[in-house]
Amino acid sequence: MKLPIWFESIIQHRLDDVSARIIRHPEISKLHEEEYVAFQKLFSDMDIVNKPEFSEWEDKHHYKQALENEYLYWQGMKDGMQLVYAVSEMMLHDDKEKEE
């Protein structure tokens, strides 16, 4: 089943809004800063693969990505439950009107 364009647009707008809030989250912001510093250290020398700085940057990058994904997942779950609740309430209201 294909979703209507207007609904896809609303979902995309919500995803963009939630993503922007997640990036500004204090814990994520701190991780972005740590990752950036580790990334700068990484390119202070060209032999990056064998350097401990590469592992440090890679660890910070993966941790930050995982945390962002976790926040997105949980917000998506909350939004989905709110949507299900709202739609079910509308359906119940419609059924009551038909009975009357």
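The values are calculated or read from the model by the stated rules, or taken from the named source; none is laboratory data. What you are looking at is a predicted structure, and each value in this text was computed from that prediction instead of being measured. Neighbour counts run over all protein chains shown; Cβ positions are idealised from the backbone, glycine included. With ligands, DNA and RNA removed, areas are computed over all heavy atoms of the protein, side chains included. Shrake-Rupley method; radii C 1.70, N 1.55, O 1.52, S 1.80 Å.
Could you say whether any residue in segment 59-66 is open to solvent by 90 Å² or more (accessible area, probe 1.4 Å), modelled with pLDDT under 85 and assigned to a helix (DSSP H, G or I)? There is no residue in segment 59-66 that is open to solvent by 90 Å² or more (accessible area, probe 1.4 Å), modelled with pLDDT under 85 and assigned to a helix (DSSP H, G or I). So, LEU3, is that one open to solvent by less than 80 Å² (accessible area, probe 1.4 Å) and modelled with pLDDT of 85 or more or not? So LEU3 fails the test. The set of residues from segment 67-100 being open to solvent by 70 Å² or more (accessible area, probe 1.4 Å) and among the polar types (S, T, N, Q) comprises ASN69, GLN82.
Restricting segment 46-58 to residues that are surrounded by fewer than 11 Cβ atoms within 10 Å (Cβ to Cβ) and in a loop (DSSP other than H, G, I, E, B) leaves a set whose member that is modelled with the highest pLDDT is ASN50. Of all residues in segment 16-45, those being in contact (Cβ under 8 Å) with a residue 40 or more places away in the chain and either in contact with a helix residue (DSSP H, G or I) (Cβ under 6 Å, 6 or more places away or on another chain) or among the aliphatic types (A, V, I, L, M) (or both) number 4. Being modelled with pLDDT of 80 or more and open to solvent by less than 80 Å² (accessible area, probe 1.4 Å) is a description that does not apply to ILE23. For segment 26-43, the tally of residues that are under 18 Å from TYR73 (Cβ atoms) and open to solvent by 70 Å² or more (accessible area, probe 1.4 Å) stands at 1. Only residues that are surrounded by 11 or more Cβ atoms within 10 Å (Cβ to Cβ) and at pLDDT 85 or above were counted in segment 6-20, giving 8.
Report, by residue number, each residue of segment 61-75 that is aromatic (Phe, Trp, Tyr) and within 16 Å of GLU33 (Cβ to Cβ). Within segment 61-75, just TYR63 meets the criteria.
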